[in-house]
1. Hey, what angle do you get for helix C:83-96 against the long axis of chain C, alpha-carbon based, 0 to 90 degrees rounded to 10?
2. Taking other Cβ within 10 Å of each residue's Cβ, how do B:101, C:198 sort, fewest first?
3. If r is the Cβ-Cβ distance from residue B:156 to residue C:57 and R0 is 35 Å, what FRET efficiency results, to the nearest 0.05?
4. Any idea what the alpha-carbon Rg over 2.2 N^0.38 Å comes to for the stretch A:43-82?
5. With the radius of gyration and the Kirkwood radius both derived from the Cα set of the stretch B:141-231, what is their ratio Rg to Rh?
6. Return the percentage of antiparallel bridges among DSSP beta bridges fully within the stretch A:12-249, rounded to the nearest 5 %.
7. Apply the Kirkwood formula to chain C: the hydrodynamic radius equals the inverse of the mean of 1/r over all pairs of different alpha-carbon atoms; give it in Å with one decimal.
8. Quick check: the angle from helix C:161-174's long axis to the longest principal axis of chain C, C-alpha only, nearest 10 degrees?
């Protein structure tokens with residue numbers, strides 16, 4: 001077991017979650033019974049074939065939708081709707097184009113009405129955007145925009161960060177930088193993280209635990225503790241072994 | 001009324017149109033079959049059709065005015081055909097000043113229009129000649145039946161609604177107010193409303209009197225119980241031309257025969273109309289479905305369709321109008337009305 | 001903080017790729033318009049008019065003053081970008097003066113002379129100015145009320161199912177009707193003719209504003225709402241601080257279209273018993289075939305319309321400063 005940092009995160013309990021969507025007359029089951037307990041401070045990566053319902057699971061945990069069946073507990077309390085403790089970050093930065101970087105980062109303060117300029121400065125410098133406070137989103141690159149989104153998500157010290165492939169659209173090098181960045185922030189801030197990704201290496205690099213899901217409707221296929229110390233090197237034989245193991249479970253044993 | 005009609009016929013005769021003295025005297029019942037020859041316009045000579053293939057001409061008119069019913073009648077009853085004319089109509093519903101533009105830019109060859117509408121814009125130099133007076137009388141000044149306003153002088157301090165701020169209604173009743181001793185600019189105010197909204201403006205007190213023409217006025221009088229306090233069918237104006245025929249200047253210069261044929265056909269139709277108002281009402285009904293054919297016939301009978309003028313007497317009428325417009329400030333005080341009347345009119349039948 | 005982001009800082013610096021690039025112009029061009037206008041003055045003054053026209057000398061003086069002003073501008077280096085336009089305008093006035101005032105080669109009375117137009121401004125400026133003020137007043141009140149109501153309606157349509165259920169059919173029934181057709185109805189329903197005119201103006205400007213606000217709100221990325229909702233935003237914040245600013249570019253298209261519609265409606269509204277107004281003035285001028293007056297009113301109206309559109313675009317540029325690039329007026 002890796003040492004998890006001193007945590008300010010929350011614990012999650014998902015029991016027998018089922019969910020689906022109705023399109024016209026057809027009902028499509030998306031999540032077919034998922035039970036999962038996540039301890040405070042864990043970094044859980046959700047891996048699975050595309051369209052298997054990983055993102056839906058994040059939306060349910062965030063409280064943006066309510067599951068058809070089953071219950072979600074956050075720190076032992078049922079999730080009844082969105083809450084600033086549980087912040088969801090998307091694949092796209094979804095910055096508001098009519099707000100500057102600074103105004104985007106301070107969005108949650110505008111919503112809660114609790115202004116704290118120092119906190120805004122801190123988080124902006126923490127994600128490395130100092131000097132770009134007054135830039136408009138369209139002036140930012142993908143990496144910078146995602147940093148701003150990260151700052152916006154973290155400004156109020158959420159206890160749970162839900163990440164929906166947040167690095168999926170970045171170029172390979174920016175992505176490596178951002179992975180390091182994300183790891184550093186997780187360690188410093190101590191939140192619980194649940195990240196959906198397609199990238200086994202990313203999962204291996206960041207997560208304390210990797211959960212693989214089946215094709216739709218999603219069920220848990222495997223649940224692996226990654227008992228390796230950080231910083232994990234990509235060429236480490238143990239990492240390579242785990243990678244092969246997970247790819248096999250995902251049905252890619254014969255692919256190179 | 002009969003004496004007026006006689007008077008106007010005599011005006012025609014006095015203008016040098018000899019040989020058809022019988023025309024001047026007509027019995028009160030204009031529709032009796034035995035007197036059909038009296039229902040022709042008093043223009044001398046045989047109708048001589050234009051030679052060759054039927055001459056195509058375009059007449060512009062405003063089909064919202066029953067007073068120009070002579071135009072559809074001329075086609076329907078074959079008056080144009082008699083002259084070997086093949087006529088197309090273009091309708092300029094609403095504002096009659098567009099007719100002048102249509103004629104002078106060659107979009108039409110001739111059009112009937114109201115003298116008091118055309119005299120002011122004609123000053124700008126349109127290439128249009130006024131050739132004949134078609135009929136008298138078709139403007140009304142009406143108030144609610146229960147109104148305290150009985151006569152023109154009661155209008156002091158009141159607001160009069162008109163369909164058009166520079167239109168013939170305002171021009172004519174400005175002249176009448178002036179005759180009654182009021183200043184048409186300072187003693188009353190004028191406001192323009194769309195014709196069909198005038199009675200509503202009257203009801204809600206925006207205006208205290210309204211002026212417009214038939215068939216709208218006729219229907220409004222009945223629907224909203226209005227009462228006329230003045231019309232242009234009283235006094236000397238009852239036998240002064242109201243609608244005139246305007247012809248394209250280049251047509252008059254280059255093809256006077258065609259200009260004559262058009263004018264005569266319309267005047268023939270006008271005279272027929274005067275004697276056959278019921279049938280004319282039925283013909284015009286196609287253009288005015290809101291009013292019944294009987295109502296239209298009654299309107300035609302009420303208007304001065306026996307009044308037609310040509311040449312000298314017509315020119316005198318135009319000069320009279322110009323003089324009256326000068327008195328109410330529409331023409332400047334130094335304006336030479338006699339010269340103006342000569343400039344804008346044309347004798348086609350000398 | 002990392003080398004991979006350098007290209008992005010670059011992008012901020014290159015927002016206006018052509019800023020700072022000066023194009024070399026032939027130095028003679030700024031000196032062209034002055035002489036052209038002075039030539040206009042000479043022709044106007046010396047060449048006798050073909051008919052009795054007013055204010056010929058005054059017009060010549062005006063041309064000369066303009067020419068001298070343009071020469072001064074050229075000497076001080078102020079006149080550069082506008083020189084071709086100033087030349088073209090001067091040539092145009094000269095051609096018009098010669099063609100009509102000197103040769104009478106355009107059909108009268110449809111084409112007046114430059115001095116006729118000048119005479120209208122000199123003799124009738126009071127009535128024209130009064131008409132302009134009346135029109136502006138009618139326009140300002142109706143347009144402001146209509147636009148605000150339109151935006152509010154659009155927000156309702158975009159954010160509330162129940163509002164949409166009731167309002168959408170009403171909007172579909174009334175909105176596309178030609179304004180003239182509504183005139184009698186408005187007049188019957190509304191007890192004052194001034195208010196009826198204003199209501200028509202408001203309707204004309206409100207309809208496009210409502211439709212485009214709605215379409216703007218309908219097109220808002222749902223993720224924008226999710227972002228705010230996970231941070232605890234309620235309906236009020238989602239509507240006023242997310243939907244509204246996100247729809248703002250579309251709203252301005254609606255406001256622009258509404259302004260155009262209200263210009264057209266102005267003429268109609270001024271049929272309702274007004275005492276002054278540009279539409280009223282034009283109707284009067286047309287009835288009297290007073291073409292120079294009509295053109296003068298047209299010029300005033302065009303200046304008023306383009307001025308108001310400029311104002312609207314200024315406002316838009318201020319509010320939509322975050323947009324990458326937008327149409328310039």
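1. 50
2. Values: B:101 20, C:198 23.
Ranked by crowding around the Cβ, least crowded first: B:101, C:198.
3. Values: r = 45 Å, r/R0 = 1.27.
That gives a FRET efficiency of 0.20.
4. So the Cα radius of gyration is 1.23 times the expected 2.2 N^0.38 Å.
5. Values: Rg = 11.6 Å, Rh = 12.7 Å.
My calculation puts Rg/Rh at 0.92.
6. Values: 22 of 40 bridges.
Within the stretch A:12-249, antiparallel bridges account for around 55 percent of the total.
7. Values: mean 1/r = 0.0417 Å⁻¹.
With all distinct Cα pairs of chain C included, I get 24.0 Å.
8. 30
No value in this document is a laboratory result; all are computed from the given coordinates. What you see is a predicted model, and the numbers here were worked out from it, not measured in a lab. Methodologically, a virtual Cβ is constructed for each residue, glycine included, from the backbone with ideal geometry; neighbour enumeration extends over all protein chains shown.
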